[in-house]
1. How about the stretch 170-185: which of its residues are of a type outside the set (Ser, Thr, Tyr), closer than 20 Å to Arg219 by Cβ and open to solvent by less than 30 Å² (accessible area, probe 1.4 Å)?
2. Find all pairs meeting these conditions: Cβ atoms under 6 angstrom apart; at least six residues apart or on different chains; first residue within the stretch 252-275 and over 22 Å from Ile40 (Cβ atoms) and in contact (Cβ under 8 Å) with a residue 24 or more places away in the chain; second residue of a type in the set (Gly, Ala, Ser) and surrounded by fewer than 19 Cβ atoms within 10 Å (Cβ to Cβ).
3. Please indicate, with yes or no, whether at least one residue in the stretch 218-225 is aliphatic (A, V, I, L, M), within 21 Å of Thr55 (Cα to Cα) and open to solvent by 20 Å² or more (accessible area, probe 1.4 Å).
4. May I ask you to list the residues in the stretch 66-93 that are more than 18 Å from Leu164 (Cβ to Cβ) and either among the small types (Gly, Ala, Ser) or in contact (Cβ under 8 Å) with a residue 60 or more places away in the chain (or both)?
5. Residues in the stretch 16-62 that are within 18 Å of Ser247 (Cβ to Cβ), open to solvent by 30 Å² or more (accessible area, probe 1.4 Å) and not in a loop (DSSP other than H, G, I, E, B): how many?
6. Kindly check whether there is at least one residue in the stretch 121-129 that is open to solvent by less than 30 Å² (accessible area, probe 1.4 Å) and at pLDDT 95 or above.
7. Kindly state which strands (runs of 3 or more DSSP E) lie completely within the stretch 236-283 and contain at least 3 residues that are farther than 17 Å from Ile181 by Cβ and open to solvent by less than 60 Å² (accessible area, probe 1.4 Å).
8. Scanning the stretch 1-43 for residues that are closer than 19 Å to Asp185 by Cβ and in contact (Cβ under 8 Å) with a residue 40 or more places away in the chain, which turns out nearest to the chain's Cα centre (by Cα)?
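The values are calculated or read from the model by the stated rules, or taken from the named source; none is laboratory data. None of these values were measured; they are calculated from a predicted model. We place every Cβ from the backbone using ideal geometry, glycine too, and count neighbours over all the protein chains shown. For accessibility, only protein heavy atoms count, side chains too; no ligands or nucleic acids. Shrake-Rupley method; radii C 1.70, N 1.55, O 1.52, S 1.80 Å.
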Amino acid sequence: MRPLVFQTDFGLADGAVSAMYGVALGVEPDLRIFDITHEIEQFNIWEGAYRLLQTVDYWPSGTVFVSVVDPGVGGSRRSIVVRIRGDKYVVTPDNGTLTFLAKRGLIEEARELDECKNRIRGSEESFTFYGRDVYAFTGAKLASEKLSFELIGEKVPADSVVVLPTSDPCIQEDGSIEGTIDVLDVRFGSLWTNVPKEMFKSLGIGFGERVEVTVSTDRRIVYKNTMQYARSFADVYTGEPLVYMNSLGCIAVAINKGYFAKAYNIGIGNNWRISFQKVNQWR
């Protein structure tokens, strides 16, 4: 039986997530249900999209993901199920949650979820909890193989999936690299960027050398400093900032045993820009 993996912005303070579990187990009591997280910032579709990217590659073939960050619940946005690379599936509102999977070319096929046919009985007049009534129910039927992907609904072009505005990292005229801050390492406050290690290496910066880091939003600089490019946090003193490669092969910025994002009130998304420049060691 396929693993069923939930992600929401519901939190665990009330019974919403538990209700989703109950619906899924009502479809098939032997389902194995897991969680990515339920602590996504409320209504933050961008963060939900990134958490999918951070996770999906590490689950086995056949896994069904249900991702619900749905500020437009009950509105005109469509519901969708996509098959992604590795024969895995994502059940979600089509509101941008699939942005990073689409950008990486991971979506192989998409079907519009028929919300009338694929929902728990008795929920037909409920329009505010599709996570329970539609998505958990459909995800459970897919995971238990009581519903095939082909019967979800009408096939739609994979490139019709809604994506949020994004910017690719680039090399500037002065030789620096500019990218965006895509997400925070929430527990520890690191800034995870979209700058891949291969691009960063083009700066010719070796471990132990200094990097000039500039963070801005809406053309306003909120942080500028130099710091060490380190293999790990152990390479710098407690409280010292560092640049490092994160677990997804992109460049990140942190404070050793500190919380960088809170220290400088830094957020995430396409408006948060970050640049890296090699520091002349002799000046």
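1. From the stretch 170-185, those of a type outside the set (Ser, Thr, Tyr) are 170-175, 177-179, 181-185; that's our starting set.
From the residues that got through so far, the ones that are closer than 20 Å to Arg219 by Cβ too are 170-174, 177-179, 181-182.
Hits for the stretch 170-185 are Ile177, Gly179, Ile181, Asp182.
2. From residues that are over 22 Å from Ile40 (Cβ atoms) and in contact (Cβ under 8 Å) with a residue 24 or more places away in the chain, the pairs are Gly258/Gly239; Arg273/Ser216; Ser275/Ser176.
3. Narrowing the stretch 218-225 to residues aliphatic (A, V, I, L, M): 221-222.
Subset that is within 21 Å of Thr55 (Cα to Cα): none.
Within the stretch 218-225, none of the residues are aliphatic (A, V, I, L, M), within 21 Å of Thr55 (Cα to Cα) and open to solvent by 20 Å² or more (accessible area, probe 1.4 Å).
4. Correct list: Val66, Gly74, Val81, Arg83, Gly86, Tyr89.
5. Going through the stretch 16-62 one residue at a time, the tally reaches 5.
6. no
7. Working: elements: 241-245, 250-255, 269-278.
Ranges flagged: none.
8. That would be Gln7.
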